[in-house]
Amino acid sequence: MSDSIAVVTGGGTHLGSAISESLCELGATVIIASRNLKNCEEVAAQLSASGLKAHALQCDASIESDVNSLIKSVIQTYGKLDVFVCNAGGSTPDDDFPAASAEAFRETITMNIETTFMCAQAAANVMIKQGHGKIITIGSVHGVMGTDKRLYAGLNHKRSSIGYFAAKGGVINLTKALAAELGEHGITVNCISPGQIPKPTVKKEMISRMVDRQPINKMGEPHDLKGAAALFASPAGNWITGQNLIVDGGWTTF
């Protein structure tokens, strides 16, 4: 991918930084973008120190004008856009259902589905003119299954909100719809759905319970997504589109 230009939204933390690193390692020039420019600059500096090609730009992926400005800046600087990873998303904290609020539900839907839509649309407008491109979305195992409340019993661990399940399910099917729309233009659209990849703040007892549920007896780490990102972004995935690749250590097998 030494001639490729890639953008990763939400690329300054956790999963996004690992995806950014993966594309850099394949030789791509990667623009790491998020609301927090400092995080992006730190990741870009770390990658650049290793001889990789990474740059930071500020962009709130939930604001359409920001996304359009990001795309415009990339095209002005590099002349093209080969890969766009719609990684920015998240969840508004909420009470468990049925005490969940409609407001938090709507915010989480917007944060994931609408943001993915706007990013994919802006990228597609450029890629259609080019006649090629790769769009990668980020789903979740929560987009294809519910949750077992017993796993969290007695630990005071905040489960993902009900809106997050709906939002990630929407992202997965949006991916399929976009793939159907854009295939004729030489654009592939695929989704990566991570399993349990906890942040450092998750309690050890919670980690232990989750490990017990994994066929592969270990928790996921951000770097475990690098192979999936490499597949969908590189020529290795040229004949793959509309797919949802679950990377979960087997979590969804039972």
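The values are calculated or read from the model by the stated rules, or taken from the named source; none is laboratory data. What you see is a predicted model; the values in this text were computed from it and never measured. All Cβ positions, glycine included, derive from the backbone under ideal geometry; neighbour counts span all protein chains shown.
I'd like the full set of residues that are at positive phi and either within 19 Å of the chain's Cα centre (by Cα) or basic (Lys, Arg) (or both), limited to region 198-254. Reasoning before the result, please.
Step one: of region 198-254, the residues at positive phi are 242, 249-250.
Listed by number, the residues that qualify are GLY242, GLY249.
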Quiz prompt | Subset of region 92-118 [hydroxyl-bearing (Ser, Thr, Tyr) and surrounded by fewer than 20 Cβ atoms within 10 Å (Cβ to Cβ)] | solution = THR92, SER101, THR110
Quiz item: Of all residues in region 238-254, how many are crowded, with 19+ Cβ neighbours inside 10 Å and part of a helix (DSSP H, G or I)?
Solution: 1
Practice problem: Could you tell me whether region 120-138 includes any residue that is of a type in the set (Gly, Ala, Ser) and at positive phi? | Solution: yes
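So is LYS53 closer than 26 Å to GLU107 by Cβ, more than 19 Å from the chain's Cα centre (by Cα) and of a type outside the set (Phe, Trp, Tyr) or not?
Spelling it out, it is not the case that LYS53 is closer than 26 Å to GLU107 by Cβ, more than 19 Å from the chain's Cα centre (by Cα) and of a type outside the set (Phe, Trp, Tyr).
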Self-check item: Top-ranked residue of region 137-163 - restricted to ones that are within 24 Å of ALA123 (Cα to Cα) and outside any loop (DSSP other than H, G, I, E, B), ranked as farthest from the chain's Cα centre (by Cα)
Solution: GLY143
Quiz item: Give me the pairs: first residue in region 64-87 and more than 14 Å from ALA120 (Cα to Cα), second residue part of a helix (DSSP H, G or I), beta-carbon distance under 8 Å, and six or more apart or on different chains, which are they?
Solution: ILE75/VAL126; LYS80/VAL126; LYS80/GLN130
Self-check item: Scope region 16-68; condition in contact with a Ser or Thr (Cβ under 8 Å, 6 or more places away or on another chain) and basic (Lys, Arg); matching residues
Solution: LYS53
Quiz item: Across region 212-237, what is the number of residues that are modelled with pLDDT of 95 or more and assigned to a helix (DSSP H, G or I)?
Solution: 15
Quiz item: Out of all the residues in region 91-128, which are touching a Gly at 6+ places or on another chain (Cβ under 8 Å), within 17 Å of ALA33 (Cα to Cα) and of a type outside the set (S, T, N, Q)?
Solution: MET111, ALA123
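Of all residues in region 178-202, which are of a type in the set (A, V, I, L, M) and closer than 18 Å to VAL83 by Cα?
Of the residues in region 178-202, the ones of a type in the set (A, V, I, L, M) are 178-180, 182, 187, 189, 192, 197, 202.
The answer is LEU178, ALA179, ALA180, LEU182, ILE187, VAL189, ILE192.
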